[in-house]
Amino acid sequence: MPTDSSPPVSAAPAPQAPFSATPGGALIHNIGYRHYDGPRLGRSYARRSLFSQSLRGAYGLGRSARTKVLPMLLFAVMCLPAAIMVAVAVFTKASSLPVSYTHYAIYLQAVIGLYLAAQAPQSVSRDLRFKTVPLYFSRPIERGDYVAAKFAAMASALFILTAAPLLVLYTGALLAKLDFLDQTKGLGQGLVSVALLSLLFAGIGLVISALTPRRGFGVAAVIAVLTIPYGAVSAVQGIAAIQGSEAAVGWLGLFSPITLIDGVQATFLGGTTSFPDHLAPSTAAGGVYLLVTLIAIAGFYALLMLRYRKAGL
């Protein structure tokens, strides 16, 4: 029989099917996943991103308009008294500001407490409630990165809240032509004071908020921890002052967060205390105040690390 002398034609490969069947009858779909060849930014970028997003979230930035109302309102309330004092100092040509830089945050501690109670649970309780903590740790980020970013973001948010009115006061003092060196020194002392306050309060708020996924419980607990010890310490200090126990007044301030900062700024930063009769702690007691403050900040950070020792929270 005659044979076909034409060269054999090779068949083109059949296009890959979008899916194939397994012996059990299940379909395996080919949805076109490809290997990622882009830049890998690593842990430092993830840590910076977590810090940035947490800080923005503390003021409602990047979120709905409803979440911006309270933090922005509290920020305005913090700055409004400073603006009024500036106006009074400028128009009356006062020789000094009505309140010192180191004492401004002490006077407005209630506003700071409300801000912390509102934003600290928002920073960490949502991650616990919606089980997103394991998702963070599934990426090149460790528990130390998570804790450091959250702690730094909360402390930075508080520092912005407390330092902004001090800058308003400083600007007004210069407009009122008060002594430049005195005002600059006072501003520096005030910034150190609110930096310590921000670190201490951030630790308190985050530790309490990290204990419960329910935001309402965290808000109530933060307010209680800030207000109850302060009220108790102030009452006992008043009794001690009436009875003439002036030394006891100074030592009792160690048992409340805000009086702890008050004692530090009065001893080392040239301020006056809100203690009865403005009784300042002795130099030795002031050193203890500073030591306890630093130990408390480090202790709260360590407690946060302990809280996040497991990724499956």
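Remark: spin-label model distance Thr272-Leu211 equals 3.7 nm, labels positioned 7 Å along the Cα→Cβ axis. Heavy-atom accessible surface of segment 171-216, averaged per residue, reaches 45 Å², computed with a 1.4 Å probe. Rolling a 1.4 Å probe over the protein heavy atoms of the chain, with every protein chain left in place, gives an accessible area that is 67 percent carbon and sulfur.
Given a Förster radius of 30 Å and the C-beta distance between Ala110 and Thr132 as r, what FRET efficiency does 1/(1 + (r/R0)^6) yield to the nearest 0.05? Before the final figure, lay out each step's value.
Working: r = 32 Å, r/R0 = 1.07.
E(calc), rounded to 0.05, equals 0.40.
Treating each Cα of segment 168-284 as an identical point scatterer and summing with the Debye formula, the log10 of I(q)/I(0) at q = 0.09, 0.10, 0.19, 0.23 Å⁻¹ comes to -0.34, -0.41, -1.01, -1.16. Taking all protein chains as they are arranged and a probe of 1.4 Å, the heavy atoms of Arg63 leave approximately 70 Å² accessible to solvent.
For Met305, Met72, Met78, what's the largest-to-smallest order of accessible area, 1.4 Å probe? Show your work: numbers first, answer last.
Values: Met305 50, Met72 80, Met78 0 Å².
Correct descending sequence by accessible area is Met72, Met305, Met78.
Go through 292-299, 80-87, 41-48, 252-259 and give me the packing order, highest mean Cβ count within 10 Å leading. Write out the running numbers ahead of the final one.
Numbers: 292-299: 15.4, 80-87: 17.1, 41-48: 13.6, 252-259: 22.0.
In descending order of packing, they fall as 252-259, 80-87, 292-299, 41-48.
Each residue of segment 203-217 was assigned a 3J(HN,Hα) from its phi angle through the Karplus curve 6.51 cos²θ - 1.76 cosθ + 1.60 (θ = phi - 60°); the sequence is x, 4, x, 6, 4, 5, 5, 6, 7, 9, x, 8, 5, x, 5 Hz, with glycine and proline shown as x. Length gained on full extension, Leu290 to Leu175, computed as 0.36 nm times the residue gap minus the Cα-Cα distance: 38.0 nm.
So if each residue of separation counts as 0.36 nm, and I subtract the Cα-Cα distance between Ser96 and Arg56, what length gain in nm does that give? Kindly include the intermediate steps, with their values, before the conclusion.
Details: separation 40, 0.36 × 40 = 14.40 nm, distance 3.56 nm.
Net length gain for the segment: 10.8 nm.
Sort 51-61, 184-194 by packing, meaning the average of other beta carbons within 10 Å per residue, with the highest value first.
Numbers: 51-61: 17.9, 184-194: 20.0.
The densest-packed peptide leads the list: 184-194, 51-61.
Over the chain, what portion of Cα pair distances is larger than 25 Å, expressed as a whole percent? Every Cα pair in the chain considered, those over 25 Å come to 60 percent. Dipole magnitude for the chain: computed about the Cα centre from +1 point charges on Lys and Arg Cβ and -1 point charges on Asp and Glu Cβ, it is near 860 debye.
Annotation for Val88 and Thr184: the two label points, set 7 Å from Cα along the Cα-Cβ direction, are 2.8 nm apart.
Couplings 3J(HN,Hα) of segment 114-124, computed from phi: 5, 4, 4, 5, 7, 9, 4, x, 4, 6, 10 Hz, in residue order, whole Hz [Karplus 6.51 cos²θ - 1.76 cosθ + 1.60, θ = phi - 60°; x for Gly and Pro]. Over 29 Å between Cα atoms: which of Lys150/Lys177; Lys68/Lys93; Lys68/Lys150 fall into that group? Violating the 29 Å Cα-Cα cut-off are Lys150/Lys177; Lys68/Lys93.
Take Glu246: with every protein chain present and a 1.4 Å probe, its accessible area is about 120 Å². Here the calculated FRET efficiency for Ile160 and Ile242, from their Cβ-Cβ distance with R0 = 35 Å, stands at 0.30, rounded to the nearest 0.05.
Using the alpha-carbon atoms, what tilt in degrees (0 to 90, nearest 10) does helix 257-268 show relative to the longest principal axis of the chain? Compared with the principal axis, the helix lies near 60 degrees.
The values are calculated or read from the model by the stated rules, or taken from the named source; none is laboratory data. Computed from a prediction, not measured in an experiment: that's the story for all the values here. Virtual Cβ from ideal backbone geometry, glycine too; neighbours counted across all protein chains shown. Calculation scope for accessible area: heavy atoms of the full protein, side chains included, ligands and nucleic acids excluded. Shrake-Rupley method; radii C 1.70, N 1.55, O 1.52, S 1.80 Å.
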